Every structure is written in C-alpha cells, then in structure tokens.
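Working notes, beginning with the structure itself.
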Amino acid sequence: MKKIILSLALASVLLLGCNGKKESEKEVTNAIEKKATEVNDKIKPKPQKMKKQITTSFEVDGKGEMSKSLIEKAAKSVAGVTKAEWNMEKKVLEVSAFDNVDWNLVVHAVVKEGFDSKYNNEKYMAKVEDYKKLPENCRYRTASLKEKGKVTSKKKSRKG
C-alpha cells in the first residue's frame, strides 16, 4: 500500500516537473493526497449486504441418535445452512439458513440420505435403495407403520 502511494507521489512530482510548471509544495501535496485517496477507494473492500437468517422446520422420519446425526449432517451439507437440529420425539427438523437457500434442496438432501420427510404438506419418500443404506438401528418404516396401526402382527389363534 505504501509502495503504491509512494509511486503515485513520485509519478506526480515527475509529471508536474516535466510540464515545466512551477507549483508550490502545497499543490503537489494536494495532488498526491487526491491520488492516494482514489487508490484507497479502489482497494477498500465494498461493504457486503448482510444476508438475513431464516429458520423453518419440517417433519423427518427416523429413530435414534444415529438418525439424528445423519439427518442433521445431511441438512448442513447444503450451502447456506447454518444450523440443523432434529427433535427425535417430535420427528421435526429445525433448520436455520441464509435467506437465499432453496429449502427444497435441504429437504431433498435429507431424503437422499434415506429419511422420509414432509415439507409444505407434501410427503417426500426416500428411495428404497437409499433407505436400505441406513444403518439397521436407523430404519424406521416398519416400526412407524406398526405404531399407526397399518401393519398388524399375525397371531395364530389356538383353538382347543
């Protein structure tokens, strides 16, 4: 920075001296300061517009601590996501991100990891091959269907 200013000062003095004009020291100093200010303005970084943080939440199926870790990691893998926290009891993922983040990318990252999700009243089902990649203790589909009464265990009745 100092080298630039000194170079400009030297160039100004030489140019002014070559023109045959006799200027006072004050005028030379003013010219140098003006050039230095112009250079500083060009070098100085422009202030960035602050991005606004937004928080939203959506449902994500899963079970256990390992699911929590995988779900949060998948959400955080999307650029702009600053925080992701999955509530195991409520099965809700709360995500904080900059306002320019596409929320569908966050949902799809979680689904691609193998977890079914519900966002904006739309259900997103993980592909079977993605679901099967989940560790055994993270698989939730059979258990969740039993809880909802859609799958019942078959008991053999003993008639005597």
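The values are calculated or read from the model by the stated rules, or taken from the named source; none is laboratory data. Only a predicted model underlies this, so the values are computations on that prediction, with no experimental measurement involved. Virtual Cβ from ideal backbone geometry, glycine too; neighbours counted across all protein chains shown.
Outside any strand (DSSP E or B), at pLDDT 95 or above and either touching a helix residue (DSSP H, G or I) at 6+ places or on another chain (Cβ under 9 Å) or within 20 Å of residue 53 (Cβ to Cβ) (or both), is that true of residue 111? Taking the combined requirement at face value, the residue satisfies it.
The residues of the stretch 89-126 that are closer than 18 Å to residue 68 by Cα and within 17 Å of the chain's Cα centre (by Cα), listed by number, are 93, 94, 95, 96, 106, 107, 108, 109, 110. Under the condition of being β-branched (Val, Ile, Thr) and closer than 20 Å to residue 88 by Cβ, the residues counted in the stretch 110-133 number 2. Selection within the stretch 55-108: residues that are aromatic (Phe, Trp, Tyr) and modelled with pLDDT of 95 or more. The member of this set that is surrounded by the most Cβ atoms within 10 Å (Cβ to Cβ) is 86. Among the residues making up the stretch 97-125, those that are aliphatic (A, V, I, L, M), out of contact with any strand residue (DSSP E or B) (no Cβ under 8 Å at 6 or more places or on another chain) and within 15 Å of residue 74 (Cβ to Cβ) are 105, 109.
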